[in-house]
C-alpha cells in the first residue's frame, strides 16, 4: 500500500499541498483531479521525490520513502511518467527500453555489461525489451532514434519504459496531453491493460473527465492543495463541493 501522511509543502508563504493524508491500494486506479493550480502535479512530485516535503511522510508498504531521492524511490517500486516525455532522444527506441530493463538488474550488472556477461545478459535484456515494445506496438520502430518519433509514439515509449521497470506503483501525469484523437486511445488502452494486474497501484492526474469516468475506480479532488473529496467516481462527481471547486457551476450539466 502506498500512503501519504500529512504531506505538506510550502513555497514561502504559499502552501501548495496542505496536510494531505491518503492511502492507495493495489488493484485500484485513483484519478487525482482539481482546477489548475490545485496542487495535483506538486502532490505527484512529493510522492515521487522530485520535491522535498516541508512536513509529512510517504510510505510504500512498511518502507519509508520520505528521505529517498527519486532514483531510490524508483528502485523501491515507484514508476512515474511526466506531462512532458522524459526519454533519451538520441538513442534508439530499443536502447531506451533496454536501459530501463537493465536498471532492474542487481547493482553489479547495472554498472554495465562486461565481456563475461555480454552474451547472456545482453540477450536477456534485448528479449525483455522486445517483449515490452511488442506490447506497446513499437517493435517495428525499434531502430529509430527517439527524437524522430511523433509525439504519440514518444508517449507510448514512456509507458514502455515504466513497464520495463516493473514498478509496484504507476504514476501518470496527464498521459494524453498533446495527443490527437487518434493517438490518445492507444495510451488509454495501455493503462487499461496495466489496470488488469490487480497487484499494481495506478495514480492518474487527468483533466479530461471522459477519461476519468472510463478508467477511475476512485477519485480524489484537490483544491488549493487541500484534499476536499475522496470516493467512488459517481459520488465524487455528484458532490456540490466538487462541482463548485473543480468544474464550476456552469459545468454541472457536463458531469451529470
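The values are calculated or read from the model by the stated rules, or taken from the named source; none is laboratory data. Quick caveat: nothing in here was measured; it's all calculated off a predicted structure. Note that each Cβ is placed from the backbone with ideal geometry, even for glycine, and that neighbours are counted across all protein chains shown.
Give me the residue from segment 28-55 that is more than 23 Å from residue 217 (Cα to Cα) and crowded, with 18+ Cβ neighbours inside 10 Å and, out of that set, nearest to the chain's Cα centre (by Cα). Of everything passing the filter in segment 28-55, 49 is nearest to the chain's Cα centre (by Cα).
Of all residues in segment 156-176, those that are in contact with a strand residue (DSSP E or B) (Cβ under 8 Å, 6 or more places away or on another chain), in a helix (DSSP H, G or I) and within 16 Å of residue 204 (Cβ to Cβ) total 3.
Residues in segment 177-209 that are closer than 21 Å to residue 244 by Cβ and out of contact with any strand residue (DSSP E or B) (no Cβ under 9 Å at 6 or more places or on another chain): 1 in all.
Kindly check whether there is at least one residue in segment 215-222 that is within 17 Å of residue 29 (Cα to Cα) and assigned to a helix (DSSP H, G or I). So far as segment 215-222 goes, yes, one or more of its residues are within 17 Å of residue 29 (Cα to Cα) and assigned to a helix (DSSP H, G or I).
This table checks each residue for (1) surrounded by 15 or more Cβ atoms within 10 Å (Cβ to Cβ); (2) at pLDDT below 95; (3) in contact with a helix residue (DSSP H, G or I) (Cβ under 6 Å, 6 or more places away or on another chain).
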| site | (1), (2), (3) |
| --- | --- |
| 7 | yes, no, yes |
| 11 | no, yes, no |
| 16 | yes, no, yes |
| 19 | yes, no, no |
| 22 | yes, no, no |
| 26 | no, no, no |
| 57 | yes, no, no |
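Could you please let me know if residue 199 is over 19 Å from residue 160 (Cβ atoms) and surrounded by fewer than 17 Cβ atoms within 10 Å (Cβ to Cβ)? Yes, satisfied.
To keep it simple, each residue is scored yes or no on (1) part of a helix (DSSP H, G or I); (2) modelled with pLDDT of 90 or more.
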| site | (1), (2) |
| --- | --- |
| 95 | yes, yes |
| 99 | yes, no |
| 105 | no, no |
| 114 | no, no |
| 123 | yes, no |
| 131 | yes, yes |
| 134 | yes, yes |
